[in-house]
Each structure stands twice: as C-alpha cells, then as structure tokens.
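The values are calculated or read from the model by the stated rules, or taken from the named source; none is laboratory data. Only a predicted model underlies this, so the values are computations on that prediction, with no experimental measurement involved. When we count neighbours, we look across all protein chains shown, and the Cβ atoms used for this are built from the backbone with ideal geometry, even at glycine. Surface accessibility is based on the protein's heavy atoms, side chains included, excluding ligands, DNA and RNA. Shrake-Rupley method; radii C 1.70, N 1.55, O 1.52, S 1.80 Å.
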Amino acid sequence: MEFVSFQIPARNDKIDVASKVLRDLLERHLVDVAIIDECDLALQELLRNIVKYAFGDDEDRRIEIRLGMERRRFFAEVED
C-alpha cells in the first residue's frame with residue numbers, strides 16, 4: 001500500500017502539481033497510460049470546480065489531497 005498526502009493552494013495554476021503527483025504514483029505502479037489520463041482528467045476537473053465554486057482563486061485557502069494505490073486499486077481523497 002502506498003499513499004501520498006499533500007496540499008496545494010486553491011489556485012488554478014497549481015493544479016498541475018497534483019497532476020504530476022498522481023501521474024508519478026500511477027506510473028510507479030505500472031498503471032496503463034489511458035487509465036492514468038482518465039484519473040488525471042477526473043482529478044483536474046474536481047480541483048477546478050473546487051477552486052471556481054468554493055474558493056474563487058483565494059490564495060490563502062488550501063486543498064488537501066491524498067492519493068493511494070493498494071492491490072491495483074487507486075484511491076483519491078480531496079478536502080477543501
């Protein structure tokens with residue numbers, strides 16, 4: 001089981017940080033590129049919605065992200 005926890009500022013220009021962490025995690029576990037792309041798209045959409053509707057690009061707010069892999073299953077938790 002491998003989990004990664006991190007925070008990003010609630011800004012659209014920081015969403016790429018989360019994408020990189022997600023891609024690195026899934027690549028280490030030899031997940032197919034097409035599945036990685038789908039997971040990345042879903043995470044980006046979720047984070048963009050949080051920034052747009054919950055925080056409005058408020059630089060003082062942070063988004064907590066926890067990503068994990070366990071027995072070929074991917075887990076994601078996002079807390080705003």
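Within the range 26-41, no residue that is closer than 16 Å to Arg71 by Cα sits with its Cβ atom under 6 Å from a residue that is open to solvent by 100 Å² or more (accessible area, probe 1.4 Å) and among the aliphatic types (A, V, I, L, M) at 6+ positions apart or across chains. The set of residues in the range 38-54 that are out of contact with any helix residue (DSSP H, G or I) (no Cβ under 9 Å at 6 or more places or on another chain) and open to solvent by less than 90 Å² (accessible area, probe 1.4 Å) comprises Ala42, Leu46, Asn49, Ile50, Ala54.
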